[in-house]
Amino acid sequence: MPETVKDIPKIADLLKDSPKNWGKWGPDDEVGSLNYLTSAEVLRGIAAVRKGKVFTLQVKMGDPAGDPLWPGRTQPTRVNLLDKGHYLCGKATHFPGDPEFSDDMLIMSLQGSTQYDALGHAWCGDELWNGFDARSTAGRMDKASVLPIAERGVVGRGILIDMARHRGKSFLDRGETFTHEDVLAAAEAQHVKIEKHDILVIRTGWIGSFYKRPREEFFRDYLEPGLTYSPALVDWFHDNEIPNLVTDTMANEVTIDPVTGVALPLHNALMRNLGVTFTEITQLDELADDCAVDGQWTFLYAAAPLKIVGGTGAPVNPIAVK
Ligand code: UVW
């Protein structure tokens, strides 16, 4: 880790020789590596289904006890607009025949729950994914927003790598890192092979731990565990044409890269440069427990974030079918 802030490299310099998929799917492409998920990949996902068991991977949203979200973002808050009280107090509109209704609204950060990031969510310099002008983010995302991902949907073969279990922990420590080589070692221990175009789902146990320990402890000097940047890791994602990285952390990577001191370098190396879509804040504990029991770590993965026009991200409830 550099000793002073001025020794921390600029992300653009750090990644100047890093591979890019810009232009690979044409100059207008806004879904990046999801292009790898062809119909054949959907069928490969379906072929992984053995038992018809369904798992939903979203965290609860709008829990009055608080939701897990990046410090500084707005908690999803659900507000009742109409309920029995309005009828009792004579404040509700009456419909013919006197049917009664409840109604509500949700206020939240679009990245404030289980979510897909738009490919344009993170950038460096003046260009987003595919070389789109970063000025297109002003006011709303005119390019590489979450909408094209939402319209396309994400379906393929998912594979769960349980890094926490591999390390004999219920959840990884604050700031604990792992590499693609650790991911491969965990896969080997699980007797599974990560195949080209797999949707890579990595469990750290971190989000699950939010529900099991004091909030002050979870958020103290916030530093998540996660994948850590190296050129070899980026090459591995590139060579294996990984379309989607899904984890149970808020940012899919260790918060501060311990070697360079750069914050969240994989957001640029994988999302901006390779077009790898990021799914964050998933809850993977139940799926992982089931996989550990039956030894089946692959499944059909299906998800579609909400179709938010110009959104930098959007909530999603991904589904795994074993
Ligand atoms: C940040 O933007 C910090 O993270 P995320 O990708 O979770 O939105």
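Of the cross-linked pairs Lys20/Lys60; Lys212/Lys322; Lys143/Lys193; Lys51/Lys193, those separated by over 29 Å at the C-alpha level are Lys20/Lys60; Lys143/Lys193.
What number comes out for the charge environment of Ile281, summing +1 per Lys or Arg and -1 per Asp or Glu over other residues with Cβ under 10 Å away? In short, -3. Annotation for Ala189 and Lys91: the two label points, set 7 Å from Cα along the Cα-Cβ direction, are 5.6 nm apart. Phi-derived couplings, Karplus 6.51 cos²θ - 1.76 cosθ + 1.60 at θ = phi - 60°, listed residue by residue for region 88-101: 5, 8, x, 9, 9, 6, 8, 9, x, x, 6, x, 10, 9 Hz, with x used for Gly and Pro. Applying both filters, DSSP loop and at most 11 other Cβ atoms within 10 Å, to the trypsin sites (Lys or Arg not before Pro) of region 204-297 gives Lys212, Arg220.
Name the residues of region 122-153 whose amide N is less than 13 Å from a point 7 angstrom out from the Cα of Lys307 along the C-beta direction? What the label zone holds, given the 13 Å backbone N cut-off, is 147-153.
In terms of packing, defined here as the mean over residues of other Cβ atoms within 10 angstrom, the peptides 193-204, 245-256 line up highest first as 245-256, 193-204.
Can you work out the PRE-style zone for Ala292? Point 7 Å along Cα to Cβ, and I want the residues of region 180-201 with backbone N under 14 Å. Label zone hits: 190. Within the set of other residues whose C-beta is less than 11 Å from the C-beta of Val309, count the net charge using Lys and Arg as +1 and Asp and Glu as -1. In short, 0. Peptides 167-177, 27-37 ranked from most to least packed by the mean count of surrounding Cβ atoms within 10 Å: 27-37, 167-177. Entry note, the chain: relative contact order of 31 percent, from Cα contacts under 8 Å with a spacing of 6+ residues.
Across region 84-242, Cα pairs under 8 Å and at least six residues apart give a relative contact order of 19 percent. Computed over all pairs of different Cα atoms, the Kirkwood value for the hydrodynamic radius of region 78-117 is 12.3 Å. DSSP assigns beta bridges within the chain; of those with both partners inside it, close to 65 percent run antiparallel.
Counting only protein heavy atoms and using a 1.4 Å probe, what share of the accessible area of region 166-277 belongs to carbon plus sulfur, as a whole percent? The computed percentage sits at 53.
In whole percents, the pair-distance distribution calculated for region 1-78 from its alpha-carbon pairs, binned every 5 Å from zero, is 3, 9, 8, 8, 10, 12, 17, 20, 8, 3, 1. For Ala134 and Lys10, a Förster radius of 22 Å and the Cβ-Cβ distance give a FRET efficiency of 0.90, rounded to the nearest 0.05. Note on Arg174 and Phe101: their simple-model spin labels are 4.8 nm apart, each label 7 Å out from Cα toward Cβ. Accessible surface area normalised per residue over the chain is 45 Å², counting heavy atoms of protein chains with a 1.4 Å rolling probe. Accessible area ranking (1.4 Å probe, heavy atoms, ligands and nucleic acids excluded), largest first, for Cys89, Cys291: Cys89, Cys291. A simple spin-label model places pseudo-atoms 7 Å from Cα toward Cβ; at Ala40 and Ala232 they are separated by 3.0 nm. Rounded to the nearest 500, the 222 nm mean residue ellipticity of the chain from helices alone is -5000 deg cm²/dmol, with -39,500 (n - 2.57) taken per DSSP H run of at least 4 residues.
The string of couplings for region 11-23 from the Karplus curve (6.51, -1.76, 1.60, θ = phi - 60°) is 4, 5, 6, 4, 9, 4, 9, 6, x, 9, 9, 4, x Hz, one whole number per residue in order, with x for Gly and Pro.
In units of the compact-protein estimate 2.2 N^0.38 Å, the chain shows a Cα radius of gyration of 1.04.
A simple count of charges around Ala92, restricted to other residues whose Cβ falls under 11 Å of its Cβ and scoring Lys, Arg +1 and Asp, Glu -1, yields -2. Inter-part distance, region 5-51 to region 127-189, computed on C-alpha centroids, equals 10 Å. Taking each residue as 0.36 nm, the span from Ala47 to Ala65 lengthens on full extension beyond its C-alpha to C-alpha distance by 2.5 nm. Karplus-derived 3J(HN,Hα) values for region 150-158, using 6.51 cos²θ - 1.76 cosθ + 1.60 with θ = phi - 60°, are 5, 5, 7, x, 10, 9, x, 8, x Hz; glycine and proline are entered as x.
The values are calculated or read from the model by the stated rules, or taken from the named source; none is laboratory data. Treat the numbers as computed from the prediction; the structure is a model and nothing was measured. All Cβ positions, glycine included, derive from the backbone under ideal geometry; neighbour counts span all protein chains shown. The protein model used for the area step is the full one, side chains on, heavy atoms only, and it has no ligands, DNA or RNA in it. Shrake-Rupley method; radii C 1.70, N 1.55, O 1.52, S 1.80 Å.
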